[in-house]
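Below: the structure, in structure tokens.
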Amino acid sequence: MRLKQISFLIVLTALYLCFELAFNARLLDLVGGMADADELHHIERYGRSLSGIAVALVVLQIMLSRRAKLGIAGPSNAKIFVFCGIAAVLTYIALQSLVDSVVESRSAEFRKASTSIVLVQRGLIDGQVELDGLVDKPHLFATPEGKAFLALFPALVISVDRLEDKIHSAKLQLLAHRTGQEMGGPQGYYKHYVEAMNQTQAQWQKYRTHGNVDTAQNLEEQQDKAWSDYLNDLGKRGWTPTTVPSYARGKVAATVRQRIPVPHNWLPDDEVRFREAVAVQFKRRVSAAKAGAKNIPPGLDYPAFVAHPEVQAELRKQLKLPDGVVVASSYKNGASFDRELFSVVRDKYAKQELVRYDSPVSEFAFGGKQYQLGLSAARAALVPPMALFFSLLGAIGHFTKLIFLLAKAIFQAIPALRNRQKYLWLLPLCVLVVNWVILSNLENDVTQSRLYIHMMKQTQTNQDQKQDQRQDQQHDQDSQPLLRKVLGNALHVVAIGQAYGYPINEHIRTHVLGGISYGYHPSDIAKEEDNATIDTKKKGR
């Protein structure tokens, strides 16, 4: 290739690396945060897109090299563009199919285990879980090495013996905490409570005004009052019902009709039809109040109105409460609201979830009741590590390619070196090997912890046992130690490399690329605090 083409590839590769490294940093942020399914889906799409671009750049380099050799007979710009586009699209589709296939092909046992893994992972992030043997460092999972550990956590913990037994006692507490966060915490949930009670108070006002006046005496009082108001309005103009001028009768009737549904042919002195219209209006209001109050007896004060089963059923529907929860008309203070309503609702929902999480393995199989729960958990456990793997693959591959292109450009620019490019590919290979060796021998607080070492051994031992069950030939058994070492070394290099690379990658994301988010927008989730201040005093009742 000519120097101009090499320079073009260098620029494109460097630009791609910026976006890939920034994506790598954001991916660790996602693993170290509490992303929902939508955010996971968005970052997954960005990852596949970047992988497609990575393959397209490889195709571009191959086709430019072919053009340099063939000259005019080489591929045209249009052909190169089409082939690169096809490569990117096919890669995107292939990765999507691969991820879906890996997730959906997991066993029922894996799906059930994934529910526990994701639960513990979230508990680690928000400080609800402490792992014995892990480094005791404040805000560990906000550090690069902590985020790298979280990224590898599913791959490490899935092989731990009796995982379900070890976390079962803490599962209800973890589910309760997660449910509380999803409810918005006591303060967030109190806002929903206030909205529901404002609506209930408005219903009570209607009930008090109209729902308890269904008697002939009340109707007559309403009719007398309406006719008296009408006479007073006419008196202000010096008229009586029988002295309204003919030119003003239409305007008077229209004015009355704004309050009383008198017929269009009503005359100002027609008291009988006036009272009939008041009766119609009165009955409509009473019917509406009764429809809102359903079977509520008359004469209830506000607390009794709220305590009525019909109102309680409506409140449970509005606040999405489990059956049996009773909502009070008010609470003494924030602690009372937390203890008497929020915690009760949270714990009931957590127990319902625990029943699902503790379902038999058979229910996590395809078509089982908990299949979707297990599938979502498996995706949450598998997608981030897989996306991280492909991100690392693209970054390492194109970083190596960038070194090769830079060296090639230098050799092309210096006439004395143009004919010495035969073994130029050894340079990026040596850089890669040297970096791998360095990372293999580095340690950090996490990788030196007793827990990490134990989990790594568990992973290797578990894989060894699984392979022992399947292998019958001696040469396969002889290869197991090497395979275990390769697996352990790869995990170690990723853990160390991510810890050192994250600050650089995050700097590129925030300063070079303007804080690109890749569809992930972490938000601070309100933690449950015992001293939360909630104003539970209601006015105007």
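Every number in this text was worked out from the coordinates using simple rules, so none of it is lab data. None of the values given here were measured: they were computed from a predicted structure. FYI the Cβ positions are ideal-geometry reconstructions off the backbone, even for glycines, and counts take in every protein chain you see.
List of remarks:
- Size estimate for the chain follows the Kirkwood approach: the inverse of mean 1/r over distinct Cα pairs works out to 30.0 Å.
- Of the trypsin sites (Lys or Arg not before Pro) in the range 143-193, the ones in a loop by DSSP (not H, G, I, E or B) with at most 11 other beta carbons within 10 Å are R162.
- Rh by Kirkwood over Cα pairs, then Stokes-Einstein D for the range 188-330 at 1.002 mPa s and 20 °C, µm²/s: 120
- Computed on the Cα atoms alone, the convex hull of the range 1-142 gives a volume of 156 cubic angstrom per residue.
- R0 of 41 Å, Cβ-Cβ distance V433-R356: FRET efficiency to nearest 0.05: 0.25
- Qualifying GluC sites (Glu not before Pro) for the range 115-189 [loop in DSSP, other Cβ within 10 Å: at most 14]: E130
- Per-residue ellipticity at 222 nm from helix content only, as computed over the chain with -39500 (n - 2.57) for each DSSP H run of at least four residues, stands at -23500 deg cm²/dmol.
- With Cα atoms, 0 to 90° folded angle of helix 371-413 axis to the chain main axis: 40
- Comparing M386, V89, Y357 along the charge dipole axis of the chain, the residue lying farthest to the positive side is V89, per the Cβ-charge model.
- Label positions at K236 and I396, each projected 7 Å from the Cα along the C-beta direction, are separated by 8.7 nm.
- Among the lysines of the range 188-330, pairs at least eight places apart or on separate chains and with Cα atoms under 25 Å apart come to 19.
- Selection among I260, N232, P309 by position relative to the dipole of the range 188-330 gives I260 as farthest towards the positive end (Cβ unit charges, Cα centre).
- The GluC sites (Glu not before Pro) of the range 347-453 that meet both conditions, a loop assignment by DSSP and at most 14 other Cβ atoms within 10 Å of the site Cβ, are E443.
- The range 63-142 and the range 357-426 have their alpha-carbon centroids 6 Å apart.
- With at most 14 neighbouring Cβ atoms within 10 Å, loop chymotrypsin sites (Phe, Trp or Tyr not before Pro) (DSSP) excluded, longest segment of the chain: 1-365
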